[in-house]
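Everything on this sheet refers to the single structure shown next.
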Amino acid sequence: MHLINFKELSDQELNSLVDLGIEVKRNPKKYSKTFEDKSVALVFQKTSTRTRVSFEVASTQLGGHGLFIDWRTTNFTMADITDEVKYLSRNVDCIMARLLYDTDLLKMAKASRIPVINGCDEKYHPSQALADLITIKEKKGTLKGTKLVYIGVHNNVCNSLIEGCTKTGIKITTVTPIFNEAARDEEVLTEANKTGLWKSTLDAKKAVKDADFVYTDTWIDMEFFTDPKFAAEKEKRIRIMMPYQINSELLKSTDPYIMHDMPIHRGYEISVEAIESSKSIIYEQAENRLYSAKAIMLKLMK
Ligand code: CP
């Protein structure tokens, strides 16, 4: 079994995965020898702090070994991805990969005889969404009936959040003046629509009125952030998105928890004041990436 997105998981399976994340956080010792003699390949074609740290530390804390593989220094750069993965899956027990393209993740999954985990591509970020669900459940004691508002660009994080929320009974409203076409997946939106739990609006003020959680993400994907070819698009996005910043003005008559999957661009998608507010749970949310990584590997590698 692989984890490329949440489509293959039933609502029940996703809820159980959230509970497993909370359980491993509470009882780390119980799982500390689960992966003795096992290795996890962590393949990165893009930059990362949290995804790398969480999966590497999770591998160690579960008794195994996380092997960091920088795409740029390996023969992934010149060989067919299928051949490289056919080899890799004979020497390690799981592959976690952060790749530019979902199509390459799917090629990896097809070629691999061991589980493949999506560590964020242009369409989905399931390990992030699982950490988000763990954080929400810790704060509210339940997922069902909770209200979350995502304000930002409709991107990979937004897709996985929509999938994760609608499969676990969370009411999610998205306020996304820009749709990143690379992330478009009509199936995710169609399935979310069927649940009646997903709404989309451009009225951020109204959306946050009764929200339990307000969530934002970078307006520009990591691979484009410092790319000079993307400079004009970056300027355009800042102009369109600035009125949608999470700040004290937006939240003045409401009091939701504030979430952000990090890395943060201070003063753009979120104000410094909001990051440092007593309702900000951003660092707890990031910490929970570790328990998300553990839960995913425990489920797939058992
Ligand atoms: N949120 C997230 O995936 O962080 P990194 O890009 O640092 O891994």
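Could you point to the residue in 75, 18, 2 farthest towards the positive end of the range 1-150's charge dipole, with +1 and -1 charges on the Cβ of Lys/Arg and Asp/Glu respectively?
The one lying farthest along the dipole's positive direction is 18.
With a 10 Å Cβ neighbour count serving as the proxy for reagent exposure, in which order, fewest first, do 219, 71 appear?
Fewest to most other Cβ atoms nearby, the residues stand as 71, 219.
Determine, for 154, 260, 65, the number of other Cβ atoms within 10 Å of each Cβ, and report the residues in order from fewest to most.
65, 154, 260
Return one number: the angle in degrees, 0 to 90 and rounded to the nearest 10, between the long axis of the Cα atoms of helix 156-168 and the longest principal axis of the Cα atoms of the chain.
With both axes taken from Cα atoms, the answer is about 90 degrees.
Is there a quick way to get the dipole size of the chain? I mean about its Cα centre, with the Cβ of Lys and Arg at +1 and of Asp and Glu at -1; what is the value in debye to the nearest 20?
Roughly 640 debye, rounded to the nearest 20.
Return 72, 52, 184 ranked ascending by Cβ neighbour count within 10 Å, so the fewest neighbours appear first.
Ordered by Cβ neighbours within 10 Å, fewest first: 72, 184, 52.
Along the charge dipole of the chain, pointing to its positive end and built from +1/-1 on Cβ of Lys, Arg, Asp and Glu, which listed residue (248, 291, 275) has its Cα farthest out?
So the residue furthest toward the plus end is 291.
List the GluC sites (Glu not before Pro) within the range 198-261 that fall in a DSSP loop (any state other than H, G, I, E or B) and whose Cβ has at most 16 other Cβ atoms within 10 Å.
In loop regions of the range 198-261 (DSSP not H, G, I, E or B), the sparsely surrounded GluC sites (Glu not before Pro) are 249.
So what's the projected area for the chain, the Cα convex hull averaged over all directions, in nm²?
One quarter of the hull surface, i.e. the mean projection, equals 14.9 nm².
Any idea what angle helix 11-26 forms with the longest principal axis of the chain, computed on alpha-carbon atoms, 0 to 90 degrees, nearest 10?
Between helix and principal axis, roughly 80 degrees.
Assuming 1.306 mPa s and 10 °C, estimate D for the range 195-297 with Stokes-Einstein, Rh taken as the Kirkwood radius over Cα pairs, in µm²/s.
Reported coefficient: 104 µm²/s.
Dividing the alpha-carbon radius of gyration of the range 128-167 by 2.2 N^0.38 Å (N being the number of residues), what value is obtained?
That works out to 1.11 for the range 128-167.
Distance between the C-alpha centers of the range 229-293 and the range 122-170? Whole Å please.
15
Report the far tail of the P(r) of the range 99-218, meaning the percent of Cα-Cα pairs longer than 16 Å.
61
Where does each of 238-244, 296-302 land if you order them by average Cβ count within 10 Å, highest first?
Final packing ranking: 296-302, 238-244.
Mind checking the range 1-74 for GluC sites (Glu not before Pro) that DSSP puts in a loop (not H, G, I, E or B) and that have at most 16 other Cβ atoms within 10 Å?
Passing both the DSSP loop test and the Cβ count: 8, 36.
Bear in mind that the values in this text are calculations on the coordinates, not laboratory data. The shown structure was predicted, so the numbers you read here are calculated from the model rather than taken from an experiment. Positions of Cβ are generated from backbone atoms using ideal geometry, with glycine treated the same way; all protein chains shown enter the neighbour counts.
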